[in-house]
Amino acid sequence: MEKSYLLAIESSCDDTSAAVLMHDRVRSNVTASQKIHQQYGGVVPELASRAHQQNIVPVVHQALAQANIDKKQLSAIAFTRGPGLLGSLLVGTSFAKSLALGLDIPLIEVNHMQAHILAHFIEDQKQEKPNFPFLALTISGGHTQIVLVKDYFEMEVLGETLDDAVGEAFDKSAKLLGLPYPGGPLIDQLAQQGNPDAFPFPKPKVEGLNFSFSGLKTSILYFLQKQSDAFVEEHKADICASIQKTIIGILMDKLHLAVKKTGVKEVAIGGGVAANSGIRSALELAKQKHHWKVHIPPFSYCTDNAAMIGIVGYLKQKKAFSPPQIPKPKPGIKSVKPNATLLQA
Ligand code: KG4
Ligand code: ZN
């Protein structure tokens with residue numbers, strides 16, 4: 001097969017990322033994270049787009065250099081069309097459009113959420129790819145979704161958050177405890193030395209497969225307001241372990257329900273929160289106890305990155321050049337009423 005190089009660009013939030021793929025293999029995946037937001041305790045959209053403007057050219061240069069190719073060898077450019085912060089998306093979109101126009105090569109738009117799911121199809125010898133149909137749990141600072149993935153481009157959103165994303169729940173709880181942003185990894189670290197049953201927090205009662213995390217944040221706030229600073233300091237590890245147990249419990253309850261409703265026992269996770277030790281052990285347990293098949297991609301493909309945008313670009317190109325397939329009925333999937341939002345292919 002003739003070598004074909006695709007450049008991918010991701011700029012939907014606070015990471016400027018560029019990757020070069022040769023077919024489904026990643027040749028480079030360069031990400032510039034923006035430290036500026038740490039002092040504000042969350043992403044400031046205007047500062048994010050300004051930082052993307054500064055980062056985009058050096059990041060693309062580095063991705064091409066690491067892949068050891070010249071831009072003239074590119075055969076297509078894929079970019080994140082959305083969802084994301086408007087100003088941030090505009091930087092990646094206008095850069096990708098101008099470069100594609102200048103090089104006279106095709107431009108492929110990619111849905112960010114679909115990319116988190118299809119990141120599992122990046123060729124990596126250490127990872128087994130999921131089989132269709134499977135359930136994807138996408139958990140990050142910006143999103144929380146359970147998706148039934150029937151094929152590369154046939155997906156149904158079965159449930160999503162009604163308010164905060166799960167990463168936000170971690171980060172906001174951490175902020176209440178006086179931890180720096182992003183606090184998710186710090187809660188995880190502290191939780192490992194604490195007792196998860198020390199302070200039970202209530203789980204929200206949300207029908208079906210949707211999630212809600214804002215009530216948990218409020219109950220943590222009320223709990224902390226009743227304690228002295230010395231108590232909180234002394235019991236920080238126990239509080240973190242209890243918060244983590246509650247959040248992971250919410251995710252796992254919904255995942256069990258999704259497995260029950262669909263009959264699909266293959267689960268793939270993605271997004272920054274996939275790094276959490278609690279979700280990893282809970283999935284390991286489900287694998288052993290309930291015989292689920294579980295897929296966790298390498299961390300560099302879990303967080304926002306351009307390689308995942310590249311794999312969707314590659315799969316879209318492949319689909320465009322393949323003869324149309326006659327759809328086969330898929331046995332074993334029970335019908336579930338999907339949420340109104342369908343991922344755009
Ligand atoms: O995917 P990501 O890099 O960016 C987006 O939000 O799209 O995810 C970042 C989120 C942050 O909320 C961060 O606190 C959370 O992932 N996170 C974690 C852990 N590592 C990252 N949350 C809990 N435990 C972790 N180990
Ligand atoms: Zn994301």
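The values are calculated or read from the model by the stated rules, or taken from the named source; none is laboratory data. Being a predicted model, the structure only gives us computed values, none of them experimental. With ideal geometry, Cβ positions are generated from the backbone for all residues, glycine too; neighbour counts draw on all protein chains shown. In case anyone asks, the SASA skips ligands and DNA or RNA and just uses the protein heavy atoms, side chains included. Shrake-Rupley method; radii C 1.70, N 1.55, O 1.52, S 1.80 Å.
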Checklist entry - Looking at the stretch 224-243, is at least one residue under 25 Å from LEU148 (Cα atoms), more than 11 Å from ligand 1 (Cβ to nearest atom), in contact with a helix residue (DSSP H, G or I) (Cβ under 6 Å, 6 or more places away or on another chain) and open to solvent by 20 Å² or more (accessible area, probe 1.4 Å)? => result no
Checklist entry - List, please: which pairs have Cβ atoms under 6 Å, are six or more places apart or on different chains, and start with a residue in the stretch 219-245 that is in the same structural domain as SER173 (by TED's automatic domain parsing) and free of Cβ contacts under 8 Å to residues at least 24 places away in the same chain and end with one that is open to solvent by less than 60 Å² (accessible area, probe 1.4 Å) and among the aromatic types (Phe, Trp, Tyr)? => result SER219/PHE201
Next on the checklist: Being away from ligand 2 (no atom under 14 Å from the Cβ) and not charged (D, E, K, R) narrows it down to one residue among VAL166, VAL157; which is it?
Outcome noted: VAL157
Checklist entry - Does SER75 qualify as being open to solvent by less than 70 Å² (accessible area, probe 1.4 Å) and touching a residue at least 40 places away in the same chain (Cβ under 8 Å)? => result yes
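Say we look at the stretch 10-24 and pick out the residues that are assigned to a strand (DSSP E or B) and within 11 Å of ligand 2 (Cβ to nearest atom); which of these is most open to solvent (accessible area, probe 1.4 Å)?
Looking at the filtered set, the residue picked out is ASP15.
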Next on the checklist: Name the residue that is farthest from ILE9 (Cα to Cα), counting only residues in the stretch 299-326 that are away from ligand 1 (no atom under 13 Å from the Cβ) and not in a helix (DSSP H, G or I).
Outcome noted: ILE326
Checklist entry - Is it the case that some residue within the stretch 31-40 is in the same structural domain as LYS316 (by TED's automatic domain parsing), aliphatic (A, V, I, L, M) and assigned to a loop (DSSP other than H, G, I, E, B)? => result no
Item to check | So GLU10, is it away from ligand 1 (no atom under 16 Å from the Cβ) and either within 27 Å of LEU315 (Cβ to Cβ) or touching a residue at least 24 places away in the same chain (Cβ under 8 Å) (or both) | outcome: no
Next on the checklist: Let me confirm something: among LYS97, LYS129, which residue is open to solvent by 30 Å² or more (accessible area, probe 1.4 Å), closer than 17 Å to ALA307 by Cβ and outside the structural domain of GLU160 (by TED's automatic domain parsing)?
Outcome noted: LYS129
Item to check | Filter result for ILE248 (over 21 Å from LEU118 (Cα atoms) and surrounded by 19 or more Cβ atoms within 10 Å (Cβ to Cβ)) | outcome: yes
Checklist entry - Hey, among VAL110, VAL157, VAL166, which residue is open to solvent by less than 30 Å² (accessible area, probe 1.4 Å) and more than 16 Å from ligand 1 (Cβ to nearest atom)? => result VAL157
Next on the checklist: Can you find a residue that is modelled with pLDDT of 95 or more, closer than 30 Å to LEU6 by Cα and assigned by TED's automatic domain parsing to the domain that holds HIS235 anywhere in the stretch 156-165?
Outcome noted: yes
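Considering GLU266, GLU284, which residue is surrounded by fewer than 18 Cβ atoms within 10 Å (Cβ to Cβ) and touching a residue at least 40 places away in the same chain (Cβ under 8 Å)?
When all the criteria are applied, what remains is GLU266.
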Checklist entry - Could you say whether any residue in the stretch 48-61 is crowded, with 17+ Cβ neighbours inside 10 Å and within 28 Å of GLN127 (Cα to Cα)? => result yes
Checklist entry - Does LEU177 satisfy the criteria of being open to solvent by less than 50 Å² (accessible area, probe 1.4 Å), outside the structural domain of VAL312 (by TED's automatic domain parsing) and either more than 16 Å from ligand 1 (Cβ to nearest atom) or over 24 Å from PHE213 (Cβ atoms) (or both)? => result no
Checklist entry - Out of (1) crowded, with 22+ Cβ neighbours inside 10 Å; (2) within 16 Å of ligand 1 (Cβ to nearest atom), what's the single condition that is false for ILE146? => result (2)
